[in-house]
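The values are calculated or read from the model by the stated rules, or taken from the named source; none is laboratory data. Nothing here was measured: the structure is a model prediction, and the numbers come from that model. Cβ coordinates were reconstructed from backbone atoms using ideal geometry, including for glycine residues, and neighbour counts include every protein chain displayed. Side chains included, ligands, DNA and RNA excluded: accessible areas come from the protein's heavy atoms. Shrake-Rupley method; radii C 1.70, N 1.55, O 1.52, S 1.80 Å.
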Amino acid sequence: ERYAWRVWPEVDFEKMKHAAELIRGRHDFAAFGTPPAAHGNTIRNVIDSSWRLWKDAMDQEWLVFDITADAFLFRMVRRLVSFFISIGQGKHEENEIEPLLVSPPASPIQGLAPARGLILFEITYPS
């Protein structure tokens, strides 16, 4: 519980996988986060975005979200994960993501995955 988010009701993994693919590329992510500086740019290039299943040593299955981008907005990943979970639970549809990336609302959407379980794995810089 300390290192993961227990999600209930269960999710449709395939819907979440498909939704994650839709955010790949260069988009305006203002619907999912705020820039680090006032009036900063909210356009980011997501290189990879995917959900995968992982089994631990006790054969428990976990859902893992991996994302790689040129930069992230404040709370961007936590809002994306929350939105993907809501898609997996049927509260939102997959096709609701693209309009948010084309014409973001004035303020970020509601919903925020908890910080527990969020791991910054690696930072790389161009050489």
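Brief remarks on what is shown
- Label positions at residue 41 and residue 89, each projected 7 Å from the Cα along the C-beta direction, are separated by 3.5 nm.
- Isotropic mean projected area of the C-alpha convex hull, the chain (nm²): 8.8
- Under 10 Å, Cβ to Cβ, from residue 26 - net charge with Lys/Arg +1 and Asp/Glu -1: 0
- The spacing between the range 49-95 and the range 18-47, judged by their C-alpha centroids, is 15 Å.
- Amide H to amide H, with H built 1.01 Å from N, residue 92 comes under 5 Å of 87, counting only residues 5 or more places away or on other chains.
- Accessible area (Å², per residue) of the chain, counting only protein heavy atoms and a probe of 1.4 Å: 67
- Relative contact order [Cα under 8 Å, 6+ residues apart], the chain, whole percent: 35
- Partner aspartates and glutamates whose Cα lies under 19 Å from the Cα of residue 91, excluding those fewer than 8 positions away in the same chain, are identified as 10, 12, 14, 21.
- Only protein atoms count toward the accessible area here, which uses a 1.4 Å probe; on the range 43-95, the carbon and sulfur part of that area reaches 51 percent.
- 0 to 90° range, to nearest 10: angle between helix 13-22 axis and the chain longest Cα axis: 20
- Highest mobility in the GNM of the chain, judged by mean-square fluctuation with C-alpha springs under 10 Å and restricted to 97, 23, 67, is found for 67.
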